[in-house]
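I have placed the structure first, in the form of structure tokens, so that the comments after it can refer back to it.
The values are calculated or read from the model by the stated rules, or taken from the named source; none is laboratory data. Predicted, not measured: the structure shown is a model, and the values here were computed from it. Cβ sites come from the backbone with ideal geometry, for glycine too, and all protein chains shown count toward neighbours. Ligands, DNA and RNA are excluded from the accessible area calculation, which covers all protein heavy atoms including side chains. Shrake-Rupley method; radii C 1.70, N 1.55, O 1.52, S 1.80 Å.
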Amino acid sequence: MSAPQLSIKSNLQTRLNDALRRGQDYLLAQQYPEGYWWAELEANVTLTAELMMLHRILMHSDPRNRHSNGKDREAQLQQMARYLLREQRSHGGWELFYGDGGELSTTIEAYFALKLAGVSIDDERMQLAREFIRARGGLTKARVFTKLHLALFGAYPWTGLPTLPPWFMFLPSWFPFNVYTMASWARSSTVPLLVVLDKRPVYDVGVMADELFVERDTALRNNDGTLIGSLFLIADKALKTLDRLGFVPRRAAGIAAAERWVIERQDTPGDWAGIVPAMLNSLLMFHALGYSTKHPYFKRGLDALDRFCIEEGTAPGGEEPQYLRLQPCISPVWDTALGLTALLEAGLVPTHPRAQAAGDWLLSKQIFRYGDWAVFNRAGKPAGWAFEFYNDYYPDVDDSAAVIMSLLATKLDDEEYKLEACRAATAWILTMQCRAGGWAAFDIDNTQDLWNQMPYGDLKAMIDPPTADLTGRVLELLGHWQQRRGEKLYRDEDVQRAIRFLLSLQEKDGAWWGRWGVNYIYGTYLALVGLRAIAPYVDFDMDCDAVKQGAAWLRSVQNGDGGWGETCASYKQPELRGQGPSTPSQTAWALIGLMAAGDFDSESVKNGVAYLLGKQNADGSWPEAEFTGTGFPGHFYINYHQYRNQFPLTALGRYFQNLARM
């Protein structure tokens with residue numbers, strides 16, 4: 001290496017050292033004393049609006065509910081209303097994701113919640129929202145869940161909603177449609193709704209939505225125009241007719257079964273499935289059944305929702321918060337696994353007390369009870385991790401794999417216990433492999449796509465099939481075991497099935513679709529990382545066309561500023577794959593993917609590193625307003641506030657390690 005080259009390398013190393021130190025300092029400052037990380041999950045405003053609806057219902061039913069669990073719910077309603085008004089965009093609508101131009105159902109729910117909070121329809125902001133809604137077809141064009149929440153107030157007819165009779169609880173596991181062939185998130189949200197849809201309560205608070213109708217035909221429609229969609233509509237009409245005639249077999253028993261199912265799945269602190277839709281719907285069910293808000297089931301559920309809320313600012317002239325918003329979920333286990341990994345990749349020693357605190361905390365959150373996953377996975381023994389503080393029924397493969405990899409890189413006082421815990425969790429993950437060869441998030445072989453053809457499944461998120469990103473994650477985990485411990489925990493034929501599955505999902509242009517992150521950049525990075533990790537142990541050729549094409553696609557979509565970005569719109573418009581303003585998290589994913597493919601020296605990689613170095617804030621963090629996490633493709637997205645800091649630190653750390661070896 002020439003003297004000028006050595007000087008350039010030295011200068012780059014100095015800049016990287018400084019960036020890594022500041023990034024480490026920032027992340028360590030965010031760590032909680034117990035050892036975990038926990039950052040905000042930012043989403044659209046619908047769940048905050050639905051919480052406003054719940055509290056209005058509870059206060060209408062009993063004015064004493066204004067003061068519950070130590071909270072003034074009317075004051076909270078106003079705090080949430082101020083938050084909604086702050087988030088309204090100049091076009092009058094509310095967004096599904098940052099910069100999307102506004103979305104119909106999101107805007108309808110925000111508008112109606114503001115009416116419930118007492119905002120006048122003559123307010124200029126409400127007029128703008130109303131114009132936005134009507135210009136897009138009005139209330140009848142909204143999603144099913146938006147209509148359901150308005151039906152609770154008599155603002156939309158219950159007859160315009162899909163029919164799901166309570167006897168659905170008794171359909172056997174071998175039948176194509178039963179509660180366990182739905183994805184875990186759909187299942188935990190739907191079972192309580194079986195009761196609500198049967199009871200069809202109407203809480204007359206004097207607020208309607210007549211001004212949002214462009215047309216009055218509220219009948220269900222076959223929006224996809226498919227034959228199966230038409231058949232489902234015929235079935236729905238038949239069920240509605242039988243209901244009008246009073247013929248609903250085992251109605252009382254079905255309601256009791258749904259009630260018991262929900263009670264059994266409430267975690268000790270009050271959560272259901274760790275997600276707000278399941279929590280809100282369960283409370284609506286208990287209210288429809290006549291439960292008091294002081295009942296332990298109800299009170300603990302409200303406590304859980306309160307823990308998911310974020311207060312911001314101070315209202316003028318008082319001590320109350322200025323704003324209140326509700327997160328869709330919370331992610332301490334995920335944030336801790338990724339945060340710990342980022343710090344270790346950036347040079348934190350594995351025996352650092354803060355790394356050990358994180359590792360010990362993660363071990364304390366391992367789940368050793370059977371959950372819904374065991375209905376179709378009879379071989380697995382519980383040992384996984386969930387996303388949240390509490391979610392014992394729904395551990396997931398993604399979190400479990402990420403936690404294990406972070407623990408394998410950390411040195412704890414009781415190494416023997418740590419390794420046994422990680423082996424047990426890996427064994428559980430291996431039993432979650434689907435017949436197709438890949439892995440899904442929460443269940444095995446959860447692939448009944450007919451659910452998405454039903455009127456109820458209009459979000460197209462009713463199932464949890466195996467995906468490229470999760471399969472890449474598991475392959476990375478299995479490679480980690482061999483790299484770090486020399487332990488082969490898998491059967492060769494199972495890994496070969498996984499590799500074949502992963503390669504079968506590659507697009508013609510070389511990219512992979514991403515289920516849990518936006519989008520093709522995320523899927524491609526995890527596919528390449530998984531293949532790189534396992535390749536030395538299964539004789540997989542990293543110089544093959546698939547890897548080259550994946551790396552070439554990443555380079556081809558790099559932005560002129562050196563970064564990478566992809567809009568959430570690419571889920572509905574695949575031609576937008578890899579296109580969007582550069583973001584730190586997506587740039588980091590692309591860099592990690594390219595380095596996994598063996599590219600450390602191209603101009604693409606150098607420019608990507610320069611982008612991350614140039615975008616880092618003085619305090620060691622990175623800025624990112626865009627939503628790069630995916631809840632339901634096409635319908636629900638998340639801005640993980642820690643992604644912008646964890647992934648760039650990981651990418652720069654890996655690049656620095658390679659540079660130091662040169």
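Using a cut-off of under 16 Å, list every residue of region 442-458 whose amide N is near the label point 7 Å from the Cα of residue 234 along the Cα-to-beta-carbon line.
In region 442-458, the label zone of residue 234 (backbone N under 16 Å from the point 7 Å along Cα→Cβ) covers 454-455.
Separation between the residue 208 and residue 294 pseudo-spin-labels, each 7 Å from Cα along Cα→Cβ, expressed in nm?
It works out to 3.7 nm between the two label points.
Using a cut-off of 15 Å between alpha-carbon atoms, which aspartates and glutamates can reach residue 615, once sequence neighbours fewer than 8 places away in the same chain are excluded?
The qualifying aspartates and glutamates are 18, 561, 624, 626.
What is the calculated FRET efficiency for residue 261 to residue 613, with r their C-beta to C-beta distance and R₀ = 35 Å, to the nearest 0.05?
On the way: r = 52 Å, r/R0 = 1.48.
The computed FRET efficiency comes out at 0.10.
What's the carbon and sulfur percent of the chain's accessible surface, probe 1.4 angstrom, rounded to a whole number? Write down the numbers at each step before the final one.
On the way: 13000 of 25020 Å².
In the chain, the share of accessible area belonging to carbon and sulfur is 52 percent.
Per-residue accessible area for residue 243 at 1.4 Å probe radius, Å² rounded to 10?
About 40 Å², ignoring ligands and nucleic acids.
Taking a 24 Å limit on the Cα-Cα distance, which of the listed pairs 508/548; 141/460; 147/299; 147/460 fall beyond it?
Details: 508/548 12 Å; 141/460 16 Å; 147/299 27 Å; 147/460 17 Å.
In this structure, 147/299 exceed 24 Å between Cα atoms.
Alpha carbon centre of region 180-236 versus region 25-70: separation in Å?
Here the answer is 26 Å between Cα centres.
Compute the accessible area per residue over region 443-528, keeping the other protein chains in place, probe 1.4 Å, unit Å². If you can, show how the numbers build up before the last one.
Values: 2850 Å² over 86 residues.
Counting only protein heavy atoms, the per-residue value for region 443-528 is 33 Å².
Please give the helix 397-408 orientation as an angle from the longest Cα principal axis of the chain, in degrees from 0 to 90, rounded to the nearest 10.
30
Solvent-accessible area of residue 299, probe 1.4 Å, all protein chains present, reported in Å² to the nearest ten, please.
Result for residue 299: roughly 80 Å² accessible.
By how many nm would the segment from residue 370 to residue 62 grow when fully extended, if each residue of separation counts as 0.36 nm and the alpha-carbon distance is taken off? The partial results should precede the final answer.
Details: separation 308, 0.36 × 308 = 110.88 nm, distance 3.84 nm.
Once the chain is fully extended between residue 370 and residue 62, it gains 107.0 nm.
Note down the relative contact order for the chain as a percent, whole number, built from C-alpha pairs under 8 angstrom at least six residues apart. Could the numbers behind the result be given before it?
Numbers: 1214 pairs, mean separation 101.3, N = 662.
Answer for the chain is 15 percent.
Quick check on the chain: helices-only [θ] at 222 nm, where DSSP H runs of length 4 and up contribute -39,500 (n - 2.57) each and the sum goes over total residues. Nearest 500, please.
Values: 22 runs with 323 residues, N = 662.
Calculated mean residue ellipticity at 222 nm is -16000 deg cm²/dmol.
Taking every alpha carbon pair in the chain, what does the distance histogram look like in 20 angstrom bins from 0, in percent?
Computed distribution, short to long bins: 18, 52, 27, 3, 0.
To the nearest 10 square angstrom, what accessible area does residue 504 show with a 1.4 Å probe?
80
Can you tell which of 430, 249, 630 lies farthest toward the positive end of the dipole of the chain, using +1 and -1 charges on the Cβ of basic and acidic side chains (Lys, Arg; Asp, Glu)?
Value computed over the given set: 249.
Skip the ligands, DNA and RNA, and give the accessible area per residue of region 600-657 with a 1.4 Å probe, whole Å².
With all protein chains present, region 600-657 gives 30 Å² per residue.
Restricting to DSSP loop positions (anything but H, G, I, E, B) with no more than 16 other Cβ atoms inside 10 Å of their own Cβ, which trypsin sites (Lys or Arg not before Pro) remain in region 234-291? Working shown, then result.
On the way: sites: 237, 240, 244, 250, 251, 260, 265; in loops: 250, 265.
Sites meeting the loop and neighbour criteria: 250.
Picking from 333, 288, 310, whose Cα lies most toward the positive end of the charge dipole for region 267-341 (charges on Cβ: Lys, Arg +1; Asp, Glu -1)?
288
Roughly how many whole Å is it from the C-alpha centroid of region 131-155 to that of region 400-435?
What the calculation gives is 46 Å, centre to centre.
Extending each Cα 7 Å along its Cβ direction at residue 320 and residue 173, get the distance between those two points in nm, one decimal.
So the two model labels end up 5.0 nm from each other.
Mind checking the per residue accessible area of region 340-391 for me, 1.4 Å probe, whole number of Å²? Spell out each step's value before the answer.
Values: 2120 Å² over 52 residues.
Ligands and nucleic acids excluded, the result is 41 Å² per residue.
Lysines near residue 294 by alpha-carbon distance under 18 Å, same-chain residues fewer than 8 away left out - which ones?
71
Just by accessible area at a 1.4 angstrom probe, what is the order of 109, 87, 416 from largest to smallest? Working shown, then result.
Values: 109 0, 87 40, 416 140 Å².
Correct descending sequence by accessible area is 416, 87, 109.
In sequence order, what are the phi-derived ³J(HN,Hα) couplings for region 82-95 according to the Karplus relation 6.51 cos²θ - 1.76 cosθ + 1.60 with θ = phi - 60°, rounded to whole Hz, with x for glycine and proline?
5, 4, 4, 5, 5, 7, 5, 9, 4, 6, x, x, 10, 8
Work out the length of the dipole vector of the chain about its Cα centre, built from +1 on the beta-carbon of each Lys and Arg and -1 on the beta-carbon of each Asp and Glu, and round it to the nearest 20 debye.
I would put it at about 860 debye.
Could you sort 365, 71 by their accessible area in this structure, using a 1.4 Å probe and putting the largest first? Mind dumping the intermediate values first?
Numbers: 365 45, 71 65 Å².
If we order 365, 71 from most to least accessible, we get 71, 365.
For residue 30, put the label point 7 Å out on the Cα→Cβ axis and report which residues of region 331-348 keep their amide N under 13 Å from it.
Output list for this probe position: 331-343.
Expressed in nm to one decimal, what extension gain is obtained for the pair residue 509 and residue 124 from 0.36 nm per residue of sequence separation less their Cα-Cα distance? Walk me through the numbers before you get to the answer.
Working: separation 385, 0.36 × 385 = 138.60 nm, distance 4.76 nm.
Gain on stretching residue 509 to residue 124: 133.8 nm.
Enter the angle in degrees (range 0 to 90, nearest 10) between the Cα long axis of helix 520-538 and the first principal axis of the Cα atoms of the chain, meaning the one along which they spread out most.
With both axes taken from Cα atoms, the answer is about 50 degrees.
Taking the highest mean first, how do the peptides 511-524, 615-628, 369-382 order by number of other beta carbon atoms within 10 angstrom per residue? Present the calculation step by step, with values, prior to reporting the outcome.
Values: 511-524: 27.2, 615-628: 18.6, 369-382: 15.9.
Result, highest mean first: 511-524, 615-628, 369-382.
Could you please state, rounded to a whole Å, how far the C-alpha centre of region 319-339 is from the C-alpha centre of region 458-494?
For region 319-339 versus region 458-494, the Cα centre distance is 28 Å.
Could you name the lysines whose alpha carbon sits less than 25 Å from that of residue 381, not counting residues in the same chain fewer than 8 places away?
List returned: 365, 418, 488.
Any idea what angle helix 104-116 forms with the longest principal axis of the chain, computed on alpha-carbon atoms, 0 to 90 degrees, nearest 10?
50
Mind ordering 349-358, 133-142, 435-444 by average Cβ neighbours within 10 Å, highest first?
Working: 349-358: 16.4, 133-142: 18.9, 435-444: 22.7.
Highest to lowest by the protection proxy: 435-444, 133-142, 349-358.
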